[in-house]
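This is the structure I want to talk about, given as structure tokens.
What follows is calculated from the coordinates using simple rules that are stated; it is not laboratory data. Note that the structure is predicted; figures quoted are calculated from it, not measured. Please note: Cβ atoms are built from the backbone with ideal geometry, for glycine as well, and neighbour counts cover all protein chains shown.
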Amino acid sequence: MSSQHQHGVGIEHPYSHQIMIGSLVFFFLTWGLDTFYIQLFVELRNSVPLLLRILLFLMTVIISFLMMKKSESLIFSTQNEPKSLVSGGIYGFIRHPLYLSIPVLYLAFVLLSFSILSILSILVIFYFFNRMVVFEENELIKILGDEYLQYMSNVPRWIPRLKR
């Protein structure tokens, strides 16, 4: 049930695709219900000008897609050796920018609608993403050993350090 990356190293979590699709469905179901039906904290939403919410949304979407593009171009580059650790570029700041880009994209929709329930759904999604990443990191430790342990000690999993 597990699959290997085409390029790069490591094994994906056996349920990574289900987690990704489930997070998409769960988030947008929660977001849609709160934004258009339940409408918790609608006063807060209405107190922030629509133009500002749209600008926040667009900036966050751009950040998310840049993270996706930068991480995918490094991981799936044909120039990478099949069994080498990718630690340059965005991977020098955080270990899982591709996975992080997805909750950041969801955050864009939260900023557009100020859906409080959606913030809770992002936290639930992030819990499952973190479990998925821990599994994959354990596999990378088995494959790369000390090289990956050193990388883990230098580069944070999710939140970049202000000083390198």
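Please state the charge dipole magnitude for region 11-164, taken about the Cα centre, from unit charges on C-beta atoms (+1 on K and R, -1 on D and E), reported in debye and rounded to the nearest 20. Walk me through the numbers on the way to the answer.
Details: 12 positive and 10 negative charges, 84 e Å.
I would put it at about 400 debye.
If each Cα of the chain is one equal point scatterer, what is log10 of I(q)/I(0) from the Debye formula at q = 0.13, 0.15, 0.16, 0.20 Å⁻¹?
Log10 I(q)/I(0), no solvent term: -0.69, -0.88, -0.97, -1.31.
Could you run the Karplus curve 6.51 cos²θ - 1.76 cosθ + 1.60 with θ = phi - 60° over region 111-119 and give me ³J(HN,Hα) per residue in whole Hz, x for Gly and Pro?
The phi angles translate into 5, 6, 10, 6, 7, 5, 4, 5, 4 Hz.
If you don't mind, there's one more thing I want to ask. What list do you get for R131, R45 if you sort them by fewest beta carbons within 10 Å? Show your work: numbers first, answer last.
Values: R131 13, R45 17.
Result, fewest neighbours first: R131, R45.
Residue by residue, what Karplus-based ³J(HN,Hα) values in Hz, rounded to whole numbers, does region 20-35 have, using 6.51, -1.76 and 1.60 with θ = phi - 60° and x for Gly and Pro?
Result, rounded to whole Hz: 5, 5, x, 5, 4, 5, 4, 5, 6, 5, 5, 4, x, 4, 6, 5.
Stretch L40-M152 to full length: gain in nm at 0.36 nm per residue minus the Cα-Cα span?
Values: separation 112, 0.36 × 112 = 40.32 nm, distance 3.97 nm.
Additional length available on full extension: 36.4 nm.
Would you mind ranking H17, H96 so that the residue whose beta carbon has the fewest other beta carbons within 10 Å leads the list?
H17, H96
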